[in-house]
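Participant: Mind having a look at this structure? Questions to follow.
The values are calculated or read from the model by the stated rules, or taken from the named source; none is laboratory data. Just so it is clear, the structure is predicted and the values come from calculations on it, not from any experiment. Every residue, glycine among them, receives a Cβ derived from its backbone with ideal geometry; neighbour counts consider all protein chains shown. Surface areas here come from the heavy atoms of the whole protein model, side chains and all, with no ligands, DNA or RNA. Shrake-Rupley method; radii C 1.70, N 1.55, O 1.52, S 1.80 Å.
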Amino acid sequence: MRRMGYSGMFKRWLLLTLIPFVIAATWAPASSIVQPDAARTFGHVVATDGPEWLTRCRLSAARPVGTTLQVIQVRRPTRGSTIDVRVRSDRSPVVLLLASEKPAIWRVDAGTSADIRGIMLVGRIALLEGVDAQVPISRCDPPKDLISSGLLIDQVADSLVLPVEAVQRGSVDEGYDITSRSYPNLQDDHYGTCRVDFDYGGENITGNSNSSANECRTFCDKFGPLNADQGRVTCVVNGRRAWAYPAKPGYLSMSCRFIASDGRNIRSYPAVSADECLDTVCYTGVLFTSSNASDRWESRCLFNGRTIKRFRLKPWPWLQQPYSPPEADTSTDHASRLSSE
């Protein structure tokens, strides 16, 4: 028997790898496959000083108040070439960022209450099934080393000026669920109606008792940018994410950084010592919880590029449950919710 050379073995491996994807794309009903095109894109790029690859994604800011970014990042599908995404966002507007390093067909199952305001496909070969024709689609092709990184999430969120609701990473056979989650308040309760928080959620910077979305917007537009030198900042109205403020340039180069388990740079500060770094920024690691209920990775505190402390993540119970509005209660500031319109 003649031995197969390395070239022949590689060709055979490549063929076997691509067969499931080719079959799935060939036999899927033509009407159910969505090919991103210029006629169905978001519109224009919001951020003018973002990375060059984002300028080709055709993003826009035409979304209702309270729209959040939901992220799924995988290296490759684990079952054939299809990844199931079930959207049950309970009428909370969402933009989906779907990223895969390997070829993938994203099969979206949107519930009757789902409000999808846009989908970003990240990866060289990616298709969509089950998406309404009215949903704007954008195809992005960043550098390969960014596709599974936290920096990708921050760059997209900054360009869209959106708060990040949840990040789900890794490959699972059963697919992913996109649900609205109640927003945690990890510090105190008198900032419940209008708050400026650090982006990861629950860490209050400042706030007041304004319950009007317009009044809160004025307040957040003042204090949000003032605190964006440490990272991304979120405005929370009546217990719900409403707006986000992109981090000011240069925060990635600061001496002290707090890095989430998904790789996102949550907070930064120009600390002069490791002790100051822990006291000013990284103490938040004991409060940080993952928005992905299956996430058990560690967050890290870095000083001058060196890890000085690790924090083990423990998902909080409310992050594992779909969002349901609280009943009216005059004794709490969280009784009212921000309208999505």
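Participant: Scan the range 209-235 residue by residue and report those that are surrounded by 18 or more Cβ atoms within 10 Å (Cβ to Cβ), within 21 Å of SER268 (Cβ to Cβ) and of a type in the set (A, V, I, L, M, F, W, C).
Facilitator: The answer is CYS220, PHE223, ALA228, VAL233, CYS235.
Participant: Restricting to the range 148-161, name every residue that is open to solvent by 10 Å² or more (accessible area, probe 1.4 Å) and of a type outside the set (S, T, N, Q).
Facilitator: Within the range 148-161, the subset open to solvent by 10 Å² or more (accessible area, probe 1.4 Å) is 148-149, 151, 155, 158, 161.
Hits for the range 148-161 are LEU151, ASP158, VAL161.
Participant: Then there's this: Inspect all residues belonging to the range 239-246 and state whether any of them is out of contact with any strand residue (DSSP E or B) (no Cβ under 8 Å at 6 or more places or on another chain), touching a residue at least 12 places away in the same chain (Cβ under 8 Å) and farther than 18 Å from ILE266 by Cβ. Break it down into steps so the answer makes sense when it comes.
Facilitator: Keep residues of the range 239-246 that are out of contact with any strand residue (DSSP E or B) (no Cβ under 8 Å at 6 or more places or on another chain), which gives 239-240, 246.
Subset that is touching a residue at least 12 places away in the same chain (Cβ under 8 Å): 239-240, 246.
When the remaining residues are screened for being farther than 18 Å from ILE266 by Cβ, the result is 239-240.
Looking through the range 239-246, at least one residue is out of contact with any strand residue (DSSP E or B) (no Cβ under 8 Å at 6 or more places or on another chain), touching a residue at least 12 places away in the same chain (Cβ under 8 Å) and farther than 18 Å from ILE266 by Cβ.
Participant: Take the conditions touching a helix residue (DSSP H, G or I) at 6+ places or on another chain (Cβ under 6 Å) and more than 17 Å from VAL167 (Cβ to Cβ) and apply them to PRO93. Does it pass? Talk me through it step by step, then tell me what you get.
Facilitator: On the way: touching a helix residue (DSSP H, G or I) at 6+ places or on another chain (Cβ under 6 Å): no; more than 17 Å from VAL167 (Cβ to Cβ): yes.
It is false that PRO93 is touching a helix residue (DSSP H, G or I) at 6+ places or on another chain (Cβ under 6 Å) and more than 17 Å from VAL167 (Cβ to Cβ).
Participant: Scan the range 88-103 residue by residue and report those that are surrounded by 22 or more Cβ atoms within 10 Å (Cβ to Cβ) and at pLDDT 90 or above. Working first, answer last.
Facilitator: Kept after step one, since they are surrounded by 22 or more Cβ atoms within 10 Å (Cβ to Cβ), are these residues of the range 88-103: 89, 92, 94-100.
Result: VAL94, VAL95, LEU96, LEU97, LEU98, ALA99, SER100.
Participant: Can you find even one residue in the range 240-250 that is out of contact with any helix residue (DSSP H, G or I) (no Cβ under 8 Å at 6 or more places or on another chain) and either buried (at least 18 other Cβ atoms within 10 Å of the Cβ) or not in a loop (DSSP other than H, G, I, E, B) (or both)?
Facilitator: Yes, the range 240-250 contains at least one residue that is out of contact with any helix residue (DSSP H, G or I) (no Cβ under 8 Å at 6 or more places or on another chain) and either buried (at least 18 other Cβ atoms within 10 Å of the Cβ) or not in a loop (DSSP other than H, G, I, E, B) (or both).
Participant: Would you mind stating whether PRO64 is closer than 19 Å to LEU152 by Cβ, modelled with pLDDT of 75 or more and in a loop (DSSP other than H, G, I, E, B)? Step through it out loud before you land on a result.
Facilitator: Working: closer than 19 Å to LEU152 by Cβ: no; modelled with pLDDT of 75 or more: yes; in a loop (DSSP other than H, G, I, E, B): yes.
Considered against the rule, which asks whether it is closer than 19 Å to LEU152 by Cβ, modelled with pLDDT of 75 or more and in a loop (DSSP other than H, G, I, E, B), PRO64 comes out as no.
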